[in-house]
Structure formats: structure tokens, C-alpha cells
1. At a 10 Å Cβ-Cβ cut-off, how would you order 189, 316, fewest neighbours first?
2. Rounded to the nearest 0.05, what FRET efficiency do residue 174 and residue 194 give with R0 = 35 Å and r taken as the Cβ-Cβ distance? Could you check?
3. Translational diffusion coefficient, Stokes-Einstein: compute it for segment 206-283 using the Kirkwood radius over C-alpha pairs as Rh, at 20 °C and 1.002 mPa s, and state it as an integer in µm² s⁻¹.
4. Label residue 162 and residue 233 with points 7 Å out from Cα along Cα→Cβ: what is the distance between them in nm?
5. Where does segment 264-389 land on Rg/Rh, using Cα atoms and the Kirkwood Rh?
6. Among 75, 192, 255, which comes first, then next, by fewest other beta-carbon atoms within 10 Å?
7. Any idea how far apart residue 33 and residue 50 come out in nm if each label point goes 7 Å out from Cα toward Cβ?
8. Give me the Debye-computed log₁₀ of I(q)/I(0) at q = 0.07, 0.15 Å⁻¹ for segment 152-393, equal point scatterers on Cα only, no solvent, two decimals.
């Protein structure tokens, strides 16, 4: 269907799926199969009477809509919405499925209600991948709940019995009804998640003057190479916890990182395109790290390259970029687009590729400099990287 249903309705359907009818979970028996006389209808369903007691009417198997968690239309054939599943009407302020041909099951049933309701307008479609620029937020299931996580650090149990320390910063005016952007900061080799937090998540947090973003920095695996194959599972489970415990905009999740942290974020860009809106990688490479299979799906991507980097060399950085350019453009044509790069020893230059899908921009920033994330323009004491990154992730 092309519209929402309330979370409470989803939960009610899920909890009653194993029961013979909806009323059993409410403490009432189901009506016998030959009882088709509806005496009363409310938000739970249709009610009959047997032996001077209320009983619930079973809707299982009536029409195609029941398999999707909806009722069949009983008294209306007015089509309000049509999608790939079929034709939809509205009864008792709820969506219902219309059987083909306009004839509905259980004809002859009389529905009576004691309240007057106004037909609702169909809810707009939920934005989904691939998202358009400036799409409406996609609230996570943590919206509306008291936050299960607070600013600071917590031990996260994942993969059964494993534990990983996670650092997190929520806006100090956190509102559980407001979906927030989520930005991961991945540590480098020899660094730590604590350092990422101390460095204000690669300098991004001070730029969030509108308090729109939740920042999180998980610790690496404690080994010399701090990110490996199993950390993809860590990322999945941690992201799910954050979306469950906090109000996250699921369409605006980003990962950043430097060196090995950028290589891990770049790897996530190969197979997490549907849950990550984009990544910003500082001095990256697509070698010397476990990488998943590239799905070929596009993702927003920003890269920072120092011409003098002897670890993640310019050749490695450009190769990592070209994988994304191929994914993000028709037939991979953007790979052959020549980016304008900085002049040696001059100010930085950021180039936005023209031949990629506008929903999946690729931003390429270059400058003379070695293996570092806080590149600075000549004569400047302040790094330009955070502002360029912030401009990138806030364009969506």
C-alpha cells in the first residue's frame, strides 16, 4: 500500500495473528462461524452477540486485504485508493479492501455504530530508498518513546554475548517526537571512539547549531585493525538499537571516519545503501580491509584526499571514489568525468560530479597534505573539512 497505518494498529494486528479472532485478546470469545449478524463495530472490529454475551467476528480469509492486516469492506464499494494490492475503501474510519467486481464478502451483514465519523484522507506515501532530495523525515519506532539512551557512554551487547562501548551525544533539547539526523564517527587505527567524541565527531558537532543531529562513536574491536567483518553486524545491531530507543530520521543516517575509520565507512557504502544516506571519508582506500560484496546500488559519498598521503595514497583514494562513481551514474559514465582538483600547495578544492544521479551526489575534496583529516588552507588555523562535510550531509 502507498500509505501509513498507525503503529498501534500494526501492533494490534501482530498480537492477534495467532488468535482465532481479535476478541480473544480482549477476553471475549469468537462468534460461531454461522453468526453473521454484526451488532456493534468499533476500532477493534465487528461484534456479535451469542448467549447474551459479546463475541468477536472472525475476518480471517475473507478477502485479499486480511493478509495485509486490514478488514474487507462490508458496506461500501467506493474506491478511495488503488495500488498494486487492489482497491481500497474506508469504513468506520479505517481502510478496508474492496473485492474485485464490487461485491463484498458477508453481504447482508448489518453494521451499526453509535458514533459519527469523518472519512480520513489517505496518508501520504512513506518515503523510501531511493530518497528524493529534501524528502520528508522517516520516523523510527523510537519516536514518541522516552529515550532509552542518554548522552554519554554505554555498553552495547551485540552478537549474542559480546559487548562494545559506544559514545553518544544527543541534543540537549532532545524531543522524542522529532526525528533526528544520525551521524556515526568511526575511529582510525591507533585511535578510539572516545577520541572521536573528544574531537567533536571530526568537528561536526559544533556546526549543529540547530540541534538537528545525534552523534555516535562506537569503539573499534580493540585489535590493531579496529574494524573487521564482524563489525558490519555490530553496525546493524547498533543502528537498530538507536532507531528503537531514539527518534531517528531513518532516511538521514550518515557515517564518517578517518583512515581505517574511513575505510570501514567506505565499506558500509558498498552494501548498506538502503540504511545509510551517505558517507564522508577522509583519506580512504578500498584495500587492506575486509570489504563486503558491492551491491552496485548508489549512495551519497564525499571523499577528502591529501596529495602527499603515503598510507592511503591518492591512487587508493581515487580507486575507492571510482567504485562509487560507477554505482551512482548511468552506465558508470561519471568514472570518466574529470574532477577539478586543488593546485599543489594552494587552497583546497571541492568538486561536485555532474554526471551522477542528483539524489546521490559525489563530492571530491583535494589539497596538498599528508595522512590527516584536519586539512587546512594556507595561512588558516582552522580546518575546512568539517564545514565542507556539514554542507554535504545537510543538503538532503
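Nothing in this text is a laboratory measurement; each read-out follows from the coordinates by a stated rule. Only a predicted model underlies this, so the values are computations on that prediction, with no experimental measurement involved. Here the Cβ is made from the backbone with ideal geometry for all residues, glycine too, and neighbour counts use every protein chain on show.
1. 189, 316
2. Efficiency, from the Cβ-Cβ distance: 0.95.
3. This corresponds to a translational diffusion coefficient of 160 µm²/s.
4. Spacing of the two 7 Å Cα→Cβ label points: 0.6 nm.
5. Across segment 264-389, the Cα-based Rg/Rh ratio is 0.95.
6. Final ranking by Cβ density, sparse to dense: 75, 192, 255.
7. Label at residue 33, label at residue 50, 1.2 nm between them.
8. Rounded to two decimals, the profile gives -0.21, -1.02.
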